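The values are calculated or read from the model by the stated rules, or taken from the named source; none is laboratory data. Keep in mind that what you see is a predicted model, and the values were worked out from it rather than measured. Virtual Cβ from ideal backbone geometry, glycine too; neighbours counted across all protein chains shown.
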Amino acid sequence: MLASGAVFAGYRIERPLGRGGMGSVYLARHPRLPRHTALKLLNPELFYDKEIRARFEREADLVSRLDHPNIVTVYDRGLENDQLWISMQYVDGIDAGSVDPLRLPPERAVQIVTETAEALDYAHTAGVLHRDVKPANVLLARSGGGRGERVYLTDFGIARLRDDTGHLTQTGTFTATLAYASPEQLSGATLDHRADQYSMACSLFWLFTGGSPYPGNNPAQIIRAHLQAPPPALSSVRPGLPIALDAVLAKAMAKRPQDRFDSCGEFAAAARQALDPRGVSTMPTPAVPMQAQPTQAQPFPNQAQPFPSQAQPFPSRPIPTRPIPPAPAPRPNTGPPIPQPYYPSPQQYARPPAPRKSNAGLIIGICVGTVLMVLLLLALIGALTSNGNSRALPSTRPAISVVGAPNS
């Protein structure tokens, strides 16, 4: 341990900031610039461990290529008296692992994860995997100087490039933190950026509840839970949170990387939406893979169409069972058409109005009936007349009387 006021590699030590298994971190003053730095020193007894030395130097080399407002900046690194050191940005604040989750507003917990996700997505685009995301590696800077609280991702000590994705050291010792390690890290599978997303989901679970998703003192039991046990329901541990958060965490903590979100930013966005009571249902949603840009299939048009101002005549045929062709005047479309399932419109559920009846048929029927009645009457008269002529009638010829001659 370095005492306050000691000088190391030109930096004046002011006080210790923290100590871990590999080394110590001190608050130090820059030898030439008027600013404080965080000076990270590798423990002297580890100097001759080639593997640990390579890991320590790799941290400085990887982080030095990352320039992001949510990633702690590395200024310099070197060797002093057989002791490796890294000079990095000093963050005046605490780490997220030091907060009281039960007093931390859920909105703030999601905001911490959101800013961490931005840092991770940036690192992933640069080909860097953190591999040890946890609350203790997320720093919360105090607000000041007109700026609000800022989140910083730090400790890339076991970070690797995407092309170098081994999860074990050469000696077979696991380097990540078991409570937040992804199943693929524990099983030796190939890692990609979604391994960091799994760890970030476990970190959000801790920020909500104060405990890890799979607690326990037995390492074998914790590993088995990460590999086989389903993600615990957040609502059962901390009642009062939206149930929709259960599905979001279950998706980010899926056992198979391909079942998780495509990026850490998508996971954070889904968590924000689930936490907003105005933008999400309280019913749980299934954990299924999502697309790169989260969208929702809309069975109805994107914009509600007004009902016609005048009632339109409804067809007399039954309600169609296939999609009705579009109206002659097409709506403007800003993108390629998306096939949608057919749902009858509200108008089609309504009872159709009774069709208007025409009097033309009635008039024609009356006329035809009248003609038929006249013809029938004439036929009847003719029949009666013919029948009367066939009967014996008195002769109309004058009777001839024979007058006898007078008597002579």
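If we scan the range 265-286, do we find a residue that is at pLDDT 50 or above, acidic (D, E) and in contact with a Ser or Thr (Cβ under 7 Å, 6 or more places away or on another chain)? No - not one qualifying residue is present in the range 265-286.
Considering every residue within the range 25-48, establish whether at least one is under 42 Å from the mean Cα position of the chain (by Cα) and farther than 24 Å from G93 by Cα. No, there is no match, as no residue in the range 25-48 is under 42 Å from the mean Cα position of the chain (by Cα) and farther than 24 Å from G93 by Cα. For the criterion of being surrounded by 18 or more Cβ atoms within 10 Å (Cβ to Cβ) and part of a loop (DSSP other than H, G, I, E, B), P215 fails. Of all the listed residues (V138, V128), the sole one being buried (at least 22 other Cβ atoms within 10 Å of the Cβ), at pLDDT 95 or above and either under 27 Å from T209 (Cβ atoms) or not assigned by TED's automatic domain parsing to the domain that holds E45 (or both) is V138.
Kindly evaluate L66 against the criterion of being outside the structural domain of L207 (by TED's automatic domain parsing) and assigned to a strand (DSSP E or B). Against the criterion (outside the structural domain of L207 (by TED's automatic domain parsing) and assigned to a strand (DSSP E or B)), L66 does not qualify. Can R131 be described as of a type outside the set (G, A, S), in contact (Cβ under 8 Å) with a residue 60 or more places away in the chain and under 27 Å from D246 (Cβ atoms)? It is true that R131 is of a type outside the set (G, A, S), in contact (Cβ under 8 Å) with a residue 60 or more places away in the chain and under 27 Å from D246 (Cβ atoms). Scan the range 142-153 and report the pairs whose first residue is farther than 16 Å from I112 by Cα and whose second residue is modelled with pLDDT of 70 or more, with Cβ atoms within less than 9 Å and a gap of 6+ or a chain change. Pairs found: G144/D92. Screening R55, R77 for residues that are charged (D, E, K, R), touching a Leu at 6+ places or on another chain (Cβ under 9 Å) and within 28 Å of G127 (Cα to Cα) leaves exactly one candidate, R77. Just one of the listed residues (G23, G18) is touching a Ser or Thr at 6+ places or on another chain (Cβ under 8 Å), of a type in the set (G, A, S) and under 13 Å from D155 (Cα atoms), namely G18. Residue count for the range 17-44 satisfying the condition of being assigned to a strand (DSSP E or B) and surrounded by 15 or more Cβ atoms within 10 Å (Cβ to Cβ): 15.
Let's see how each residue does on (1) surrounded by fewer than 17 Cβ atoms within 10 Å (Cβ to Cβ); (2) modelled with pLDDT of 95 or more; (3) farther than 16 Å from D132 by Cβ:
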{"site": "V151", "(1), (2), (3)": "no, yes, yes"}
{"site": "D155", "(1), (2), (3)": "no, no, no"}
{"site": "R160", "(1), (2), (3)": "no, no, no"}
{"site": "G166", "(1), (2), (3)": "yes, no, no"}
{"site": "Q170", "(1), (2), (3)": "yes, no, yes"}
{"site": "F205", "(1), (2), (3)": "no, yes, yes"}
{"site": "A220", "(1), (2), (3)": "yes, no, yes"}
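All conditions in (1) at positive phi; (2) free of Cβ contacts under 8 Å to residues at least 40 places away in the same chain hold for A225, with the sole exception of (1). The single residue among R53, R19 that is charged (D, E, K, R) and within 30 Å of G211 (Cα to Cα) turns out to be R19. Tally up the residues in the range 100-123 that are of a type in the set (A, V, I, L, M) and surrounded by fewer than 19 Cβ atoms within 10 Å (Cβ to Cβ), please. Within the range 100-123, residues that are of a type in the set (A, V, I, L, M) and surrounded by fewer than 19 Cβ atoms within 10 Å (Cβ to Cβ) number 2.
Take the conditions (1) surrounded by fewer than 19 Cβ atoms within 10 Å (Cβ to Cβ); (2) in contact with a Lys or Arg (Cβ under 7 Å, 6 or more places away or on another chain); (3) within 21 Å of C202 (Cβ to Cβ); I94 misses just one of them, which is (2).
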